[in-house]
Amino acid sequence: MDDLRDKYLGLIGEAGDEAAIEALRVQAVGKKGEVALKMRELGKMTPEERQVMGPKLNALKDEINSALAAKKAALADAALNERLQAEWLDVTLPGRGRSAGTIHPISQVTEEVTAIFADMGFAVAEGPQIETDWYNFDALNIPGHHPARAEMDTFYMARAEGDERPPHVLRTHTSPVQIRSMQDQGAPIRVIAPGRVYRADYDQTHTPMFHQVEGLAIDTDISMANLKWVLEEFVKAYFGVDDVELRFRASHFPFTEPSAEVDIRCSWEGGVLKVGEGDDWLEILGSGMVHPKVLEAAGIDPTVYQGFAFGMGIDRIAMLKYGIPDLRAFFDSDLRWLRHYGFSPLQKPNLHGGL
Ligand code: PHE
């Protein structure tokens with residue numbers, strides 16, 4: 001028994017890995033191992049011999065088992081230490097330029113637009129993306145039966161069964177922020193509201209989620225002339241050109257009267273867009289004088305106050321300025337696209353830097 005003990009404690013001490021430990025376990029204390037064979041011999045012994053040898057064999061088995069366990073733990077410790085040494089990493093090292101992310105063109109353009117309008121005295125307003133139908137439609141003079149509701153391909157939120165209230169909607173435009181900011185701040189007011197909007201539409205120029213920036217200026221003496229000047233200033237600063245020509249086309253929106261869609265003169269020579277020259281026109285926004293009913297819905301007296309509003313597609317003007325051909329790629333999160341069209345996080349758009 002002493003030979004067995006010396007043999008296995010020696011072998012366990014020399015074992016180099018877990019597989020060797022397991023092989024030794026089977027060989028020594030497994031079902032058909034050497035200790036088990038010795039235990040079988042107990043049957044042939046006299047009761048007196050058995051009384052001595054039984055406990056001794058059990059003690060030997062225990063001793064080998066705990067030597068196996070101790071060696072196994074020591075090997076695991078050594079393996080962990082080896083890994084910690086090999087995979088050592090200095091987490092205080094600065095980041096590598098190569099792996100830095102980029103600013104998405106939509107974020108960049110939203111910053112640019114905000115900087116330009118801020119310079120003209122517009123504050124930034126926000127509203128929820130999940131709206132009530134009152135803010136998204138009714139307050140904007142779009143009653144329940146109005147065809148504009150159907151035209152906008154609205155996403156409706158589900159209501160619990162039996163709940164008869166009208167469903168919430170994913171806002172179809174940023175115009176509900178007009179109502180919310182007039183309610184909050186009253187008049188006079190001058191705000192822009194950039195953000196996400198949603199419509200059930202999908203092709204090369206439409207995605208179910210896209211971005212708009214709303215503009216709103218209300219005072220006692222605001223006219224279409226102010227609207228025209230503000231938009232011209234914006235387009236000049238945004239596209240970095242001195243002479244741009246805007247075309248105001250008579251249009252219709254329930255929440256403005258009169259209404260105009262605004263196009264910008266451009267050319268498409270050789271597939272390259274140039275703003276400010278050529279014979280083509282590109283629609284960039286809808287606008288008009290805020291309808292008296294809309295002012296009323298927002299708690300503002302239309303006999304005292306008036307003003308203009310506009311809604312512009314951010315994705316659209318981003319595509320135009322940076323030559324991005326497919327709108328859908330904006331939202332694919334393709335790293336190669338993001339590296340190509342993205343902007344340096346260290347270059348904040350501002351007017352003195354030419355945006
Ligand atoms: N909300 C309109 C749209 O999404 C745009 C608009 C805003 C038109 C403000 C007029 C005034 O098409």
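The values are calculated or read from the model by the stated rules, or taken from the named source; none is laboratory data. Keep in mind that what you see is a predicted model, and the values were worked out from it rather than measured. All Cβ positions, even for glycine, are placed from backbone atoms using ideal geometry, and neighbour counts span all protein chains on display. Note: accessible area is taken over every heavy atom of the protein model, side chains too, but ligands, DNA and RNA are not part of it. Shrake-Rupley method; radii C 1.70, N 1.55, O 1.52, S 1.80 Å.
Name the chymotrypsin sites (Phe, Trp or Tyr not before Pro) in the stretch 179-223 that are in a loop by DSSP and that have at most 15 other C-beta atoms within 10 Å, would you?
Taking the stretch 179-223 and a limit of 15 other Cβ atoms within 10 Å, the loop chymotrypsin sites (Phe, Trp or Tyr not before Pro) found are Tyr202.
Taking springs between alpha-carbon atoms closer than 10 angstrom, which of Ala187, Ala59, Ala329 fluctuates most in the Gaussian network model of the chain?
Ala59
Could you report the stretch 2-86's accessible area per residue, 1.4 Å probe, as an integer in Å²?
On a per-residue basis, 70 Å².
In debye to the nearest 20, how big a dipole does the stretch 2-86 give about its Cα centre with +1 on each Lys and Arg Cβ and -1 on each Asp and Glu Cβ?
Using only the charged Cβ atoms, the result is roughly 380 debye.
To the nearest 20 debye, what is the magnitude of the charge dipole of the chain about its Cα centre, counting +1 on the Cβ of each Lys and Arg and -1 on the Cβ of each Asp and Glu?
Dipole size: approximately 1600 debye.
Do any GluC sites (Glu not before Pro) in the stretch 268-304 lie in a DSSP loop with no more than 15 other beta carbon atoms within 10 Å, and if so, which?
Loop-located and lightly packed - Glu277.
Largest first, what is the accessible-area ranking of Trp337, Trp229, Trp88 with a 1.4 Å probe?
The ranking, largest first, comes out as Trp88, Trp229, Trp337.
Give, as a single signed number, the net charge of other residues whose beta carbon lies under 13 Å from the beta carbon of Ser287, with Lys and Arg counted +1 and Asp and Glu -1.
-3
How many percent of the accessible area of the chain is carbon or sulfur, using a 1.4 Å probe?
Carbon and sulfur: 52 percent of the exposed surface of the chain.
Divide by every residue of the chain the summed helix terms, -39500 (n - 2.57) for each DSSP H run of at least 4, and state the resulting mean residue ellipticity at 222 nm, rounded to the nearest 500 deg cm²/dmol.
-12500 deg cm²/dmol
Give me the aspartates and glutamates in straight-line cross-link reach of Lys236: C-alpha distance below 20 Å, same-chain residues under 8 apart excluded.
Glu111, Glu112, Asp119, Glu214, Glu245, Glu261, Asp263, Glu277, Asp279, Asp280, Glu283, Asp315
Name the residue, out of Leu89, Leu75, Leu327, whose mean-square fluctuation peaks in a Gaussian network model built on the chain with Cα pairs under 10 Å.
Its mean-square fluctuation being the largest, the pick is Leu75.
Where in the stretch 97-143 are there GluC sites (Glu not before Pro) that are in a DSSP coil and have at most 14 other Cβ atoms within 10 angstrom of their Cβ?
Glu126
Which entries in Lys31/Lys72; Lys31/Lys56; Lys228/Lys321; Lys38/Lys72; Lys293/Lys348 show an alpha-carbon gap greater than 28 Å?
Long pairs (Cα-Cα over 28 Å): Lys293/Lys348.
Choose one of Gly95, Ile130, Ile116: the residue whose Cα lies farthest towards the positive end of the charge dipole of the stretch 45-162 (beta-carbon charges +1 Lys, Arg; -1 Asp, Glu; about the Cα centre).
Towards the positive end, the residue furthest out is Gly95.
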